Amino acid sequence: MRDSNPSLADDTTDTDTAPSGTMRANWPAMRKGWCGKCPNCGSGPLLSGYLTVRKSCPVCREEFYHHRADDGPAYLTILLVGHIMAPLLLIVFETFRPEPLILFTIFALGSVVLSLYLLPRLKGAIVGLQWARLMYGFAKAA
């Protein structure tokens, strides 16, 4: 049953133009960042390279140069890859008993591919979260 309280309802509206000094919606901004799009307009690219965040959005001119993603995406990638691959490694080893070299090759490649997939997406999500929470220099632009 769905709660009738509007403050607890899911926020499905896009809050691209939040009033000055107020927080923006976290999940839409993180979703846009995960997809590599500007958390403000959702159409401009966030990254100019594999992990290089643009100075500003070419569409809406939102500035990103003051973001502080730092090592967060790497830590989250290690956490997620470890929590996915370790149980999977145990299940495959106990179920199929493959040769050690085959097991190592499959899981080493799987870990590298999963890490390379997650890194830019998690960086975009962290920049989106910082934008939504008005962290660091994003509060000045609001």
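Mind sorting LYS55, LYS123 by how few other Cβ atoms lie within 10 Å of their own Cβ, fewest first?
Ascending Cβ contact count within 10 Å gives the list LYS55, LYS123.
Report the gain in length on full extension from PHE93 to VAL113: 0.36 nm times residue separation, minus Cα-Cα distance, nm rounded to one decimal. Don't jump to the answer; show the numbers that get you there.
Details: separation 20, 0.36 × 20 = 7.20 nm, distance 2.01 nm.
Stretched fully, the PHE93-VAL113 segment lengthens by 5.2 nm.
Checking the cross-link filter: which lysines have an alpha carbon closer than 16 Å to that of LYS140, excluding same-chain neighbours under 8 positions apart?
Those lysines meeting the cut-off are LYS55.
Pick out, in residue order, every one of the chymotrypsin sites (Phe, Trp or Tyr not before Pro) in the range 105-142 that is DSSP loop and has at most 15 other C-beta atoms within 10 Å; say none if there are none.
TYR136
Based only on other Cβ atoms within 10 Å, what is the fewest-to-most ordering of VAL92, VAL53?
Placing the least packed residue first, the sequence is VAL92, VAL53.
Any idea what the dipole of the range 26-141 comes to, in debye rounded to 20, about its Cα centre with Lys/Arg Cβ at +1 and Asp/Glu Cβ at -1?
About 560 debye.
What FRET efficiency would be calculated for the residue pair ALA139, ILE84, taking the C-beta separation as r and a Förster radius of 41 Å, to the nearest 0.05?
0.70
Bear in mind that the values in this text are calculations on the coordinates, not laboratory data. Small disclaimer: the values here were computed from a predicted structure and weren't measured. For neighbour counting, all protein chains shown are included, and Cβ atoms are generated from backbone atoms with ideal geometry for every residue, glycine included.
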